[in-house]
Amino acid sequence: MSSTRREFLAGAGALVGGLAISSLGIDLTSVIAYAEEMKKIEKVKTARQTTSICCYCSVGCGLICSTDKKTGKIINIEGDPDHPINEGSLCAKGAGIFQTTEANSHRLTKVLYRAPGSDKWQVKSWNWAITEIAKRIKKTRDTGFMAKNSKGEVVNRVENIAHMGSSNIDNEECWLIASMVRAMGLVYIDHQARV
Amino acid sequence: MTNHWIDLQHGDVILLQGSNAAENHPISFKWIMKAKERGAIVIHVDPRFTRTSSKADIYTPLRPGTDIALFGGMINYIIEKEKYFKEYVVNYTNASFIVNDKFDFHDGLFSGYNPATRKYDKSTWTIQKDEKGIPVKDPTLQHPRCVFQLLKKHYSRYDIETVSRITGTPVKDLLKVYEAYASTGVPDRAGTILYALGQTQHTSGVQNIRALSIIQLLLGNIGICGGGVNALRGEPNVQGSTDFAILYDSLPGYLKAMTVSTKTLEDYLKKNTPVSKDPMSANWYQNYPKYMVSLLKAWFGDRATKENEFGYSWLPRLDDGQICDVLNMIDNMSKGKIKGLICVAQNPACSLPNSNKVREAFKNLDWMVHVNIFNNETASFWKGPGMDPQKIKTEVFLLPAAASVEKEGSQTNSGRWVQWKYEAAKAPGDCIYTGDIIIRLVSKLKELYRTDKKAVFPDPILNLKWDYTDNKGRMDVVKVSKTINGYFLEDVTIGDKTYKKGDCVPSFALLQADGRTSSGCWIMCGAFTENGTNLMARRKKDDPTGLGLYPQWAWAWPVNRRIIYNRASVDLNGKPYNPKRPLLAWVDGKWVGDVPDGPWPPMADKEKGKYPFIMKPDGVSSLFGPGLNDGPFPEHYEPLEGPVTNNLLSSQLRNPVIRIFSGPYDKVASSDPKYPFVMTTYTSTEHWCTGAITRWQSWLTEAQPQVYVEISEELAKLKGIKNGDKVKVESVRGSVLCVAMVTPRLQPLNCGGKSIHVVGMTFNYGWLFPEDCGDSANLLTPTAGDANTGTPEYKAFMVNITKV
Amino acid sequence: MSNGKSILVDTSLCTGCRGCQVACKQWNNLPGTKTKQIGTYQNPQDFSFETWKVVRFADGRQEDGKPYWYFFSDMCRHCIEPPCKISIEMTVKDAVIQDQATGAVVYTEKTKQVQFKDVMCPYGIPKQNPKTKVLTKCTMCIDRIKNGLIPACVKACPTGAVVFGDRDKILDMAKKRVTELKKTYPKAMAINPDEVRVIYIVTDNPKKYWKFAAGV
């Protein structure tokens, strides 16, 4: 074909940044089943739109997240039609990213701790957790720190603590981790890139 | 990827091997179908007929673990039929280089193998140099010891009948694939090879990729539109996490980890900075010291001085040859040597090979810290199947993190595009950024070390520069990002321009080796302009070349170059080999098009011109690649656990330097009648890796609810299994109960008269949630790793299947 | 009525990625239902009051022994003369809207007054909410299209296998595409283009995709 499907149908109304309202006549709100769904379009139209990037396969598709200005919660996530790679399209996982948000009741929202021998989780505070974790890191590190190896060569490393992950976090977070583990003296450092 | 996603549309022949892109990188098919509509030939080589195969013009199966045989046959075909792009091969590869007289290959082994240590002495794998230190070359490619002739000799053994007997791919199908792909060895046809974990997750994984790279070089497909060696990476930011080296054997920006043999910074820089005597070789890594010192300054700030070697001695050193990857990590953990684990957004209980070994190993930890957005089998290992929580002493801290759309920051896709994203909503409950967790942890550690007079070697912790919070105490993402980019730490004059202290460094060409600049990762240098404009956040759709480069959409490393090695897309005079896709051209004394691989003139300029492969010391790409552990030429070996007892190409059944283990969990059952079927593992479109994130999502679990094994109709008949039956799949290491998916998309392979059945399973499931979805395919996989990277062999091992 | 909008589903471009299936759930806030693995990639097995788009998977071997795998992104056809509307209106008037401007066929709450067994559809589309008795199915995202947006499933599709536009242009496109496809696939056809607004293009016998692909 001489023109692509998409170019040809661009006039049919791809989602554009400002979500133009163009009512074509009938007021359907009173008659359509699932009136909730009609309300969604109104909410999405007035929501704050934020661009993001898909958290899955590394194609790096663009997303548009619609956040309800009143509640501050995300109410819709779909593809970013301006993104040159995906042009608004998304596969099953990308199309479902809404279920990674607060809307999913399975999200971890509390700091949890499992004590030795226990069969359940306890809820804790951040301050408690950070302090207790740091204490354990320090104790384990100080116990196992190797200033020299068996040949007497200077190594200044820690072999009894390991770090794993992650390829699922942002660059800035990756760099902070890369910095942290070197400062701690760790050598068992790895993540999904290898596997 | 050397290229990028949109570029796939320019392929004239697209070979997907070791990739199931339609299922695992679905949006890539937007661009592949565009190519197809334009007349491109799409080839899919895969043990299974998948959603990718359904759109391919040519589909052919191959036995898992035999890619090098197939590629070797293609190299043989290309050379025999003279389909290679001669000018490219002569000028842009090391084909003409003369190899050391003592280098040899015989019956499956290269010269220098020591069976006692299971290692090669690589000292014979060298190129001859003249008195000036420049490689000796024969541009006619006739010299019997030149790389080209040795390559030809090596792959002459890969005749098509032998390849067919090894791979199970019919000869006529092999010929179809070879003929179609080799047609791209001409200037106006581009061939792209797309691969993913189907190539890397083998004990010969790296050599698989070397083999396809050799093909691309022979055909002149690297550095051009529609070409390239295109790794379709598997995680949203695995490119970034690799760049930033959350790995034991590198430092951010692909710098090398420190070892005991480099006692001083000077030793280290000398060892790792390559030297080239050829003035036409740019040898870009000669700038290594600038990157290492700038990294140290980023880490230690003012505390890093010339006097203390910029803090070099504070950092950990590996013993020479010490391997600290996940395989050794788990092995040592299972031996009780590792007491603490920090595990961020990863699910090793389901993703690492031999899950029983992994899950048992966790029991030996004193403590585990896990950061994630959902619970998973790793954080909850202590209540998994067969676990008695009362007997498990491991403390587990499960920390709630913000999800991707709840965070501002950057992410690097497989095409090296670094894209900025924004916070669409605040994370729920007590969730915070993973970055905030790390910041708080290190801040607390600093406090503990500062206040303990008896603290052990506190130096690196106390000296680490750590001022990455805003005035509300939250992670200042932009500040971290700028630190990664790099700053001028004082006024610096370069040429006729003076950069001010505090300016962002706008290009790594400006980084200094004397401590006047910092950069957390040199390849990211240039993501900010000198006045701090964030180029990663750009959204301009201009495309001046019309080739889909979109140079002002986000920012690509390095220096926004969209296709790397692009100097190989032009002839010696700088004229594009394919005028219809002019990626780069030397016009009126400068380069136009993509960001060139360096500003120097093309090679015809004997005074100022440079060879195109600027990151290699010799300036050209490697057909002969002496830097790997298992040989300078890829050679076919069988997987560690396989269905045959002999290798048709040599007496060496397996790659002699692969990573193997011999603990109680590390059982292997090769050519064992108890486990007669070859199994491969993979993922599905609808789930993500171990399913740690996706199994909690009802729309996705609805589409792919439970674990299944795909088997052929022939195998089903053999074992009396019907579609939908419950079956047990077992290897010598473990078993998985699942549903049988009997399908015509798998067929037994005829490997030299022997019928070999191949079955497959996704690793998308785990025992935690949903309750009845099944457990991980990795209960079956072996603890065996690639000879160079240690990447486990998830893709080829042996199982049995029985109806339950 | 033959103007208005149409959707073209070109199965020759479809990779079965299920972006459309999930996008429909996402936009319409439909829950993910509990399913079982019965030996196919397809799930759910059929439409329900909570599933308005099902990507159907059908694999087999051609006469020459080569495998095939067809993907059929099934949805309401939004017929020009919808049998469901006709049959429902025998019981209840105005229970089904056929939008003047677009031709979208949309059910209202009034459908709960109809006996499900009396609802006619050759494609097996309409389903009933067991609690409320209201009939449900794809709405052609009428809320979106009335606001200048394309349906969620159309937007999600990466390869252009599902496209939306003015009916006459879609019909033209379907014709051209079938002509092109026939060069490689002699059995290529558009299914019932004059009867439906959602037109499927297949490269093989429609029954190989799904028993109701071309209607009963």
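Throughout, read-outs are computed from the coordinates displayed, never taken from laboratory work. Not measured: the values here are computed from a predicted model. With ideal geometry, Cβ positions are generated from the backbone for all residues, glycine too; neighbour counts draw on all protein chains shown.
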Reach of C:LYS182 by Cα under 17 Å, taken over aspartates and glutamates that are not fewer than 8 positions away in the same chain: B:GLU37, B:ASP57, C:ASP10, C:ASP172, C:ASP204
At a Förster radius of 41 Å, what calculated FRET efficiency corresponds to the Cβ-Cβ distance of B:ASP388 and B:ASP430, to the nearest 0.05? 0.85
Given B:LYS132/B:LYS616; B:LYS30/B:LYS541; B:LYS297/B:LYS421; B:LYS86/B:LYS580, which pairs have Cα atoms separated by over 22 Å? B:LYS297/B:LYS421
Name the lysines eligible as straight-distance cross-link partners of B:LYS270: C-alpha to C-alpha under 16 Å, and not fewer than 8 places from it in the same chain. B:LYS256, B:LYS290
B:ASP159 versus B:LEU175, label points 7 Å from Cα toward the beta carbon: distance in nm? 1.5
Theoretical FRET efficiency, 1/(1+(r/R0)^6), r = Cβ-Cβ of C:ASP194 and C:ASP94, R0 30 Å, to 0.05: 0.70
Give, rounded to the nearest 20 debye, the magnitude of the charge dipole that the protein assembly as shown has about its Cα centre when Lys and Arg contribute +1 at Cβ and Asp and Glu contribute -1 at Cβ. 1500
Mind listing P(r) for the protein assembly as shown? All alpha-carbon pairs, 10 Å bins, whole percents. 2, 10, 18, 23, 22, 15, 7, 2, 0, 0
Give the Debye-formula value of log10 I(q)/I(0) at each listed q (0.10, 0.12, 0.15, 0.17 Å⁻¹), with one equal scatterer per alpha carbon of the stretch B:667-804, two decimals each. -0.33, -0.47, -0.73, -0.93
For chain B, what is the charge dipole size about the Cα centre, in debye to the nearest 20, if Lys and Arg each add +1 at the Cβ and Asp and Glu each add -1 at the Cβ? 260
Can you give the FRET efficiency for C:ASN129 and A:SER105, using 1/(1 + (r/R0)^6), R0 = 25 Å, r = Cβ-Cβ distance, to the nearest 0.05? 0.65
Computed label-point distance, nm, for sites A:LYS39 and C:ASP166 using a 7 Å Cα→Cβ extension: 3.7
Give the whole-number value, in cubic angstrom per residue, of the convex hull volume spanned by the C-alpha atoms of the stretch B:240-323. 113
Only Lys, Arg (+1) and Asp, Glu (-1) charged, at Cβ; the stretch B:670-804 dipole about Cα centre in debye: 400
Under 10 °C and 1.306 mPa s, how fast does chain B diffuse according to Stokes-Einstein, given a Kirkwood radius computed over C-alpha pairs? Answer in µm²/s, whole number. 57
Checking the a/c ratio against 1.5 first, then a/b against b/c, what shape does the Cα gyration tensor give for the stretch C:83-139? rounded
Taking a virtual spin label 7 Å from the Cα of B:THR645 along the C-beta vector, which residues in the stretch B:717-739 bring their backbone nitrogen under 14 Å of it? none
Between the residues B:GLY642, B:ALA703, A:VAL181, the Cα farthest towards the positive end of the dipole of the protein assembly as shown, that dipole coming from +1 and -1 charges on the beta-carbon of Lys, Arg, Asp and Glu, is from B:ALA703
Any helix of chain B counts here only if DSSP assigns it H throughout, its Cα atoms span 15 Å or more along the axis, and its mean Kyte-Doolittle hydropathy is at least -1.0, and such helices are B:67-80, B:171-182, B:205-218, B:288-300, B:434-450
Let a ≥ b ≥ c be the square roots of the eigenvalues of the Cα gyration tensor of the stretch B:522-562; is it rounded (a/c under 1.5), or, if not, prolate (a/b larger than b/c) or oblate? oblate
What order do you get for C:20-31, B:491-502, B:596-607 when each peptide is scored by the mean count of other beta carbon atoms within 10 Å, highest first? C:20-31, B:596-607, B:491-502
Could you tell me which of the pairs B:LYS55/C:LYS155; B:LYS674/B:LYS722; B:LYS153/B:LYS277; A:LYS45/C:LYS25; A:LYS93/B:LYS34 are separated by over 24 angstrom between their Cα atoms in the structure shown? B:LYS153/B:LYS277
Given 0.36 nm per residue, what is the gain on full extension from B:ASP101 to B:GLU266 after removing their alpha carbon distance, in nm? 56.1 nm
Give the percent of DSSP beta bridges with both residues in the protein assembly as shown that are antiparallel, rounded to the nearest 5. 65
Placing +1 on the Cβ of each Lys and Arg and -1 on the Cβ of each Asp and Glu in the stretch A:59-133, which of A:PHE98, A:ALA129, A:THR109 has its Cα farthest towards the positive end of the resulting dipole? A:ALA129
Test item: B:467-480 mean partner chain Cβ contacts at 10 Å: 2
Among B:GLY752, B:VAL171, B:ILE27, whose Cα lies farthest out toward the positive end of the dipole of chain B, if unit charges sit on the beta carbon of Lys, Arg (+1) and Asp, Glu (-1)? B:ILE27
Neighbouring Cβ atoms within 10 Å as the yardstick, rank A:ARG141, B:ARG539 fewest first. B:ARG539, A:ARG141
Working out 0.36 nm times the residue gap between B:LYS580 and B:THR451, then minus their Cα-Cα distance, what length gain in nm do you get to one decimal? 39.7 nm
Take the alpha carbon atoms of the stretch B:181-330, find their radius of gyration, then divide it by 2.2 N^0.38 Å using N residues; give the quotient. 1.30
Filter the trypsin sites (Lys or Arg not before Pro) in the stretch B:722-788 down to the DSSP loop ones having no more than 15 other Cβ atoms within 10 Å, then list what survives. B:LYS722
Give the peptides B:649-658, B:371-380, B:84-93 in descending order of average Cβ contacts within 10 Å, highest first. B:371-380, B:84-93, B:649-658
Between the stretch C:168-186 and the stretch B:1-71, what is the C-alpha centre distance in whole Å? 25
Here, C:SER48 and B:LYS608, labelled 7 Å along Cα→Cβ, have an inter-label distance in nm of 7.1
Just tell me which aspartates and glutamates come within less than 14 Å, Cα to Cα, of A:LYS110; anything on the same chain fewer than 8 places away is out. A:GLU102, B:ASP430
Stretchable slack from B:SER123 to B:ASP543, in nm (0.36 nm times residue separation minus alpha-carbon distance): 146.4 nm
Around B:TYR449, what is the net charge, scoring Lys/Arg as +1 and Asp/Glu as -1 over all other residues with Cβ under 11 Å from its Cβ? +3
